[in-house]
Amino acid sequence: MSESIIKVSGLGKKYIISHEASGKYTTLRDAIGRNIKSWIGSSQRNVSREEFWALRDIYFSINRGDAVGIVGRNGAGKSTLLKVLSRITEPSHGKVEINGRIASLLEVGTGFHQELTGRENIFLNGAILGMSRAEVRAKFDEIVDFSGVETFLDTPVKRYSSGMYVRLAFAVAAHLEPEILVVDEVLAVGDAEFQKKCLGKMDDVSRNQGRTVLFVSHNISAIQQLCNKGIYLERGKLVMQGGIDEVVDRYVSEGTNNTFTKEPKGDISVTHAEIDKRVNGDLMTVTLYIRSNIQSSMPVSIDFRFYTLTQVPVGFASIGTFDYEKQVNLVHGDNKIIATVDVNTFAIGNYLLNIDVTRPNVEYYDRIEDHLSFEIVKETEENRSLQQSWNYGSVQLNATIKQVN
């Protein structure tokens, strides 16, 4: 019988969220001014508060040596769960039993002391894990070699790039022999070669060394490659736990639609988007409704990012990101945008469409992610031999756009 190393019973994590009674979204300048008024006692704020459950009534157990992939859309509670398991965040109720040392790599900036050098942080992390200096020294060369940051080892980590930081942080977490290795989406910061290297190390840690791995990623193919078990979260609740293929199948089948609607938030936001579920012709039409709360006309760029359902990036189309003269000028109020995309460069199959609304290199406004999907069902001479394994950016799609106000 397998030994349970993590057991979660009735786990819940609650946050208190404050809302302005007016419901008005403000700029940073307004927020600073409001705080100054509050400090001097002249603010007449009417704030309401509500409970938000990031996790609620979660029950599961994980056996020693399992590699567990945790899937779910943004806001499902994946990162909160890892923080609770890593004892970074206290649960609001419920019980978590952990039988082993945990090394966590959750986000850039955690786990290291910013003023210490890379060398000093390696020994600090070892001490936190309960290792002696001699034990850390025995692993030191292996850690440095894996990370590839030897040249900067005696530099304070606050001067590291995000990629260097993650390289060293992962090397420390993976090589100091914790019983449980917890890794969030932070690996996406590294380059493709390093991501592959990390996946190989995690596979070795689980299969050959018998240690437990918890892995959160939107790269479903990486999760299926590495993990034997899966946990599917949605809106803070456990949907399913089981074999990784069964969990992924359910997540993919429930996760997409051809329409998406949400309440407006902020200066500029997408309130509704719609595409055809099945694309038979040469063109796919995407209709967007964008709400602008800015009084003057605002030029924005709209980017379309295409992925397979297993999160492999296959295409990119932009309206205005690379040619400012083609940016869309949003008027105050509701704007209707219709885009058409040539789909002949897609192989037959199912895809996700993510949409970004930005001012390139200036400001990010809104994103639709992991909600819209479509299917290519028509075989053409152009798409017959295509495979769903292209590198990102290798498919530059043709797209046109018009504004209907």
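The values are calculated or read from the model by the stated rules, or taken from the named source; none is laboratory data. Remember, it's a predicted structure, so these values are computed and weren't measured experimentally. Heads up, the Cβs are rebuilt from the backbone with ideal geometry, glycines too, and the neighbour counts pull from every protein chain shown.
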Looking at (1) in the same structural domain as VAL8 (by TED's automatic domain parsing); (2) under 22 Å from the mean Cα position of the chain (by Cα); (3) β-branched (Val, Ile, Thr), find the lone condition where VAL205 falls short.
-> (2)
So which residues in the stretch 66-118 are within 14 Å of the chain's Cα centre (by Cα), assigned to a loop (DSSP other than H, G, I, E, B) and crowded, with 16+ Cβ neighbours inside 10 Å?
-> GLY72, ARG73, ALA76, GLY77, LEU106, GLU107, VAL108
Only residues in the stretch 131-149 that are closer than 15 Å to PHE194 by Cβ count as the first member; pair them with residues that are in a helix (DSSP H, G or I) and of a type in the set (Asp, Glu), Cβ under 9 angstrom, at least 6 apart or cross-chain, and list the lot.
-> VAL144/GLU150
Of all residues in the stretch 192-227, count the ones that are closer than 18 Å to SER86 by Cβ and β-branched (Val, Ile, Thr).
-> 4
Across the stretch 142-174, what is the number of residues that are in contact with a strand residue (DSSP E or B) (Cβ under 9 Å, 6 or more places away or on another chain), among the hydroxyl-bearing types (Ser, Thr, Tyr) and at pLDDT below 90?
-> 0
Which of the residues belonging to the stretch 327-348 are outside any loop (DSSP other than H, G, I, E, B) and surrounded by 15 or more Cβ atoms within 10 Å (Cβ to Cβ)?
-> VAL328, LEU330, ASN335, ILE337, ALA339, THR340, VAL341, ASP342
Taking only the stretch 216-240 into account, find how many residues are part of a strand (DSSP E or B) and either modelled with pLDDT under 90 or within 22 Å of LEU352 (Cα to Cα) (or both).
-> 7
